[in-house]
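Asks: One structure coming up, written as structure tokens, with questions to follow.
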Amino acid sequence: MNQPNPQSLPNPLIPGFNPDPSIVKVGADYYLATSTFEYLPGIPVYHSTDLVTWDRIGHVVDREGQLDSRDVPTLGGAWAPTIRFHDGLFYVAVTDAMARGTLVFTATDPAGPWSDGMVIDGAIGIDQDLAWDEDGTAYMTYSGLDTVTGNINGHGGILQVRVDLETGKALEEPRSVWSGTGLMFPEAPHLYKRGGYWYLMIAEGGTERGHSVSIARGTSPAGPFENNPANPILSARSTDRPIQNTGHGDLVETPDGGWAMVLLGMRPKGMTRAFSALGRETFITPVTWEDGWPVAEPVMLNPRDGGFVYGDDFADAELDGGWIAVRRFPGAFASTEKNPGRLTLTSDGTGLDDARPAFLGRRQQSQVETIAALVDAGSAGAGSAAAGSGGLAVRYDEAHHYSIETDGTTITARARISSIEQVWTRPAPGGPVELRIETREANPDNAIGSLSPDTIALQAVVEGVPVTLAELDGRYLSAETAASFTGRVAGVFASSGTVSFDWFRSESREPR
Ligand code: 6LW
């Protein structure tokens with residue numbers, strides 16, 4: 001009875017690049033946080049009261065100094081937050097990977113502001129969890145992979161320390177605890193008290209196709225823990241399910257007293273199901289308890305009806321919170337106040353190939369998406385404050401992106417895949433120009449489908465008609481090709497000077 005109906009749970013739950021979800025229920029409210037890596041603002045906090053409708057209410061990382069993102073390599077930054085509530089305070093434990101290390105942020109309001117972040121000495125690893133025993137002692141349980149000193153080859157399994165969250169000091173040397181059934185990369189531990197048991201749930205098998213969730217239990221939060229004979233309790237490996245790589249779960253009670261697991265998954269496309277355009281997304285699945293062990297349902301695809309539409313006329317002084325930037329906050333190069341009613345991007349001479357491009361993007365949320373913007377690069381003369389080059393881009397990282405831009409004279413479409421680059425050009429029409437990037441379902445290559453996940457067309461509207469400069473295979477902008485922990489992020493950029501945008505629109509939907 002107390003089980004959510006899988007058909008009523010939207011899946012993906014939070015679409016687009018939203019990996020490593022962690023969830024907490026406080027009264028009737030749910031809060032969920034996800035990883036953001038090198039993107040800022042970092043660690044979005046989503047809120048729901050029914051587990052179905054989710055609103056982003058803020059970010060844990062919304063100002064300089066909280067993460068050390070400026071020089072993190074691609075993949076570095078915010079890894080796998082755990083969000084918890086204890087004694088009137090919200091906590092987020094997270095790894096600032098390849099940067100500050102293990103951090104704990106606190107807030108009285110999960111919408112923010114969050115604290116500056118306290119470094120926890122003596123808990124070096126990833127995927128830090130927090131749990132408190134009846135006496136109020138805090139346990140930090142984590143995965144022993146050291147991203148800070150570079151000792152990345154060794155994996156220490158699942159480790160645990162008691163911590164003093166006032167001082168940030170570990171109260172003991174890290175202890176090894178139950179580390180799964182022997183699959184690679186035991187990670188994503190979460191510790192829960194239910195009934196007479198403490199449960200230690202982890203991910204194992206790696207975040208790719210072998211990803212799984214396993215669980216053990218014991219009578220003390222410090223262990224020892226007894227392996228569940230039914231492990232792994234969740235995995236999509238070797239199945240034909242559309243959602244693969246399922247793992248990195250967190251358990252929560254549903255509004256009707258049942259249970260569910262939020263977790264990450266991917267939607268690989270193409271005939272060989274090799275390419276996941278959107279990266280790792282947040283999914284949910286019902287959980288029941290049998291003989292004191294959780295039993296998770298397979299993760300079912302159930303996209304929200306109608307897709308997603310976003311329009312921005314840049315009328316507000318403050319930018320919408322869905323915009324994210326790379327290794328710096330949007331405010332460093334983007335303004336809606338310089339030229340009110342428009343977005344002005346200022347490039348410091350660096351472009352999409354560089355670590356900190358003047359790029360402002362949004363997560364691609366469904367498989368088929370069109371983005372468009374009216375771009376003024378400054379050729380229009382009178383009244384234009386712009387003088388530069390810029391346009392639209394779909395990005396995985398600095399070595400994987402497709403873009404189309406104008407400098408007022410020439411429109412340039414560009415594909416950069418690793419060290420390979422190709423450029424297409426045509427003359428620009430006079431004045432501001434509408435640029436578009438269309439992500440479409442791939443045309444079949446043969447009787448059983450297409451090898452590509454999708455096709456990406458780079459277009460400029462000339463005399464009212466979209467002209468395609470390049471039509472590109474989407475497989476090169478997938479998590480698997482880019483070897484990425486993130487996902488597709490699509491938006492606006494400037495590659496030189498100052499460029500302004502009258503409006504931006506995106507529309508996305510699932511294939512019919
Ligand atoms: C992470 C680990 C993982 O911290 O990928 O899926 C790493 N799991 O748990 C980055 O998201």
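The values are calculated or read from the model by the stated rules, or taken from the named source; none is laboratory data. What you see is a predicted model; the values in this text were computed from it and never measured. Virtual Cβ from ideal backbone geometry, glycine too; neighbours counted across all protein chains shown. Just so you know, the surface numbers come from the protein's heavy atoms only, side chains and all, with ligands and any DNA or RNA stripped out. Shrake-Rupley method; radii C 1.70, N 1.55, O 1.52, S 1.80 Å.
Asks: Would you confirm, using the coordinates I've provided, whether residue 82 is more than 30 Å from residue 28 (Cβ to Cβ) and either within 16 Å of the ligand (Cβ to nearest atom) or without any contact (Cβ under 8 Å) to a residue 12 or more places away in the chain (or both)?
Replies: Numbers: more than 30 Å from residue 28 (Cβ to Cβ): no; either within 16 Å of the ligand (Cβ to nearest atom) or without any contact (Cβ under 8 Å) to a residue 12 or more places away in the chain (or both): yes.
Answer is no for this residue.
Asks: Go through segment 483-507 and report how many residues are open to solvent by less than 10 Å² (accessible area, probe 1.4 Å) and either in contact with a helix residue (DSSP H, G or I) (Cβ under 8 Å, 6 or more places away or on another chain) or within 21 Å of residue 304 (Cβ to Cβ) (or both).
Replies: Applying the first criterion (open to solvent by less than 10 Å² (accessible area, probe 1.4 Å)) to segment 483-507 yields 486-494, 499-501, 504.
Filter once more, keeping what is either in contact with a helix residue (DSSP H, G or I) (Cβ under 8 Å, 6 or more places away or on another chain) or within 21 Å of residue 304 (Cβ to Cβ) (or both): 486-490.
Count: 5.
Asks: Can you confirm whether residue 182 is over 30 Å from residue 117 (Cβ atoms), assigned by TED's automatic domain parsing to the domain that holds residue 83 and either more than 16 Å from the ligand (Cβ to nearest atom) or not in a strand (DSSP E or B) (or both)? Explain how you work it out, then say what you get.
Replies: Numbers: over 30 Å from residue 117 (Cβ atoms): yes; assigned by TED's automatic domain parsing to the domain that holds residue 83: yes; either more than 16 Å from the ligand (Cβ to nearest atom) or not in a strand (DSSP E or B) (or both): yes.
It is true that residue 182 is over 30 Å from residue 117 (Cβ atoms), assigned by TED's automatic domain parsing to the domain that holds residue 83 and either more than 16 Å from the ligand (Cβ to nearest atom) or not in a strand (DSSP E or B) (or both).
Asks: Out of segment 53-72, which residues are without any contact (Cβ under 8 Å) to a residue 60 or more places away in the chain, closer than 24 Å to residue 101 by Cβ and exposed (fewer than 15 other Cβ atoms within 10 Å of the Cβ)?
Replies: Result: 65, single match.
For every residue, the table says whether it meets (1) assigned to a loop (DSSP other than H, G, I, E, B); (2) more than 16 Å from the chain's Cα centre (by Cα).
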| site | (1), (2) |
| --- | --- |
| 20 | yes, no |
| 23 | no, no |
| 30 | no, yes |
| 35 | yes, no |
| 46 | no, no |
| 51 | yes, yes |
| 60 | no, no |
| 63 | yes, yes |
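Asks: Among the residues of segment 155-177, which ones are under 30 Å from residue 258 (Cβ atoms) and either over 28 Å from the mean Cα position of the chain (by Cα) or small (Gly, Ala, Ser) (or both)? If you could, list the steps in order and put the result at the bottom.
Replies: Within segment 155-177, the first condition is being under 30 Å from residue 258 (Cβ atoms), and the residues that meet it are 158, 160, 177.
Passing the criteria: only 177.
Asks: Here's a follow-up. Among the candidates 374, 451, 360, 435, single out the residue that is in contact (Cβ under 8 Å) with a residue 40 or more places away in the chain and surrounded by fewer than 17 Cβ atoms within 10 Å (Cβ to Cβ).
Replies: Values: 374 fails: surrounded by fewer than 17 Cβ atoms within 10 Å (Cβ to Cβ); 360 fails: surrounded by fewer than 17 Cβ atoms within 10 Å (Cβ to Cβ); 435 fails: surrounded by fewer than 17 Cβ atoms within 10 Å (Cβ to Cβ).
Answer to the selection: 451.
Asks: Further, regarding this structure: So which pairs qualify, if the first residue must be in segment 306-322 and within 22 Å of residue 40 (Cα to Cα), the second must be open to solvent by less than 70 Å² (accessible area, probe 1.4 Å) and of a type in the set (Lys, Arg), the Cβ gap must be under 9 Å, and the two must be at least 6 apart or on different chains?
Replies: Here the result reads 310/362; 313/342; 314/342; 320/362; 322/362; 322/363, each pair linking segment 306-322 to a residue that is open to solvent by less than 70 Å² (accessible area, probe 1.4 Å) and of a type in the set (Lys, Arg).
Asks: Look at residue 100 and say whether it is touching a strand residue (DSSP E or B) at 6+ places or on another chain (Cβ under 7 Å), open to solvent by 50 Å² or more (accessible area, probe 1.4 Å) and within 16 Å of the ligand (Cβ to nearest atom). Talk me through it step by step, then tell me what you get.
Replies: Working: touching a strand residue (DSSP E or B) at 6+ places or on another chain (Cβ under 7 Å): yes; open to solvent by 50 Å² or more (accessible area, probe 1.4 Å): yes; within 16 Å of the ligand (Cβ to nearest atom): yes.
Taking the combined requirement at face value, the residue satisfies it.
Asks: When you scan segment 41-52, do you find a residue that is open to solvent by less than 10 Å² (accessible area, probe 1.4 Å), touching a residue at least 24 places away in the same chain (Cβ under 8 Å) and under 18 Å from residue 189 (Cα atoms), even just one? Talk me through it step by step, then tell me what you get.
Replies: Applying the first criterion (open to solvent by less than 10 Å² (accessible area, probe 1.4 Å)) to segment 41-52 yields 42-45, 48, 51.
Restricting the remaining residues to those that are touching a residue at least 24 places away in the same chain (Cβ under 8 Å) gives 42-45, 51.
Next, from what is left, pick out any that are under 18 Å from residue 189 (Cα atoms): none.
No; the residues of segment 41-52 include none that is open to solvent by less than 10 Å² (accessible area, probe 1.4 Å), touching a residue at least 24 places away in the same chain (Cβ under 8 Å) and under 18 Å from residue 189 (Cα atoms).
Asks: Residue check: is residue 207 among the polar types (S, T, N, Q) and open to solvent by 70 Å² or more (accessible area, probe 1.4 Å)?
Replies: Values: among the polar types (S, T, N, Q): yes; open to solvent by 70 Å² or more (accessible area, probe 1.4 Å): no.
Taking the combined requirement at face value, the residue does not satisfy it.
Asks: Give 80, 93 a once-over and let me know the one that is assigned by TED's automatic domain parsing to the domain that holds residue 286, touching a His at 6+ places or on another chain (Cβ under 9 Å) and part of a strand (DSSP E or B).
Replies: Numbers: 93 fails: touching a His at 6+ places or on another chain (Cβ under 9 Å).
Result: 80 is the single residue among 80, 93 that is assigned by TED's automatic domain parsing to the domain that holds residue 286, touching a His at 6+ places or on another chain (Cβ under 9 Å) and part of a strand (DSSP E or B).
Asks: Further question on the same structure: Could you please let me know if residue 239 is assigned by TED's automatic domain parsing to the domain that holds residue 158, under 20 Å from the mean Cα position of the chain (by Cα) and over 21 Å from residue 131 (Cα atoms)? Steps first, answer last, please.
Replies: Values: assigned by TED's automatic domain parsing to the domain that holds residue 158: yes; under 20 Å from the mean Cα position of the chain (by Cα): no; over 21 Å from residue 131 (Cα atoms): yes.
No: the conditions fail for residue 239.
Asks: Residue 191 - would you say it is part of a strand (DSSP E or B) and farther than 20 Å from residue 117 by Cβ? Please lay out each step first, then the result.
Replies: On the way: part of a strand (DSSP E or B): yes; farther than 20 Å from residue 117 by Cβ: yes.
Judged against the criteria, residue 191 is a match.
Asks: Another question, then. If residue 295 satisfies every condition in (1) crowded, with 24+ Cβ neighbours inside 10 Å; (2) more than 16 Å from the ligand (Cβ to nearest atom) but one, which is the exception?
Replies: It fails just one condition, (1).
Asks: Would you pick out the residues in segment 118-157 that are aliphatic (A, V, I, L, M) and over 20 Å from residue 98 (Cβ atoms)? Give the derivation first.
Replies: Taking segment 118-157 first, the residues aliphatic (A, V, I, L, M) are 118-120, 123-124, 126, 130-131, 138, 140, 145, 148, 152.
Result: 130, 131, 138.
Asks: Right, another one. All but one of (1) closer than 26 Å to residue 31 by Cβ; (2) within 16 Å of the ligand (Cβ to nearest atom) hold for residue 116; which doesn't?
Replies: Here residue 116 clears every test but (2).
Asks: Output the residues belonging to segment 105-123 that are surrounded by 22 or more Cβ atoms within 10 Å (Cβ to Cβ) and part of a strand (DSSP E or B).
Replies: 105
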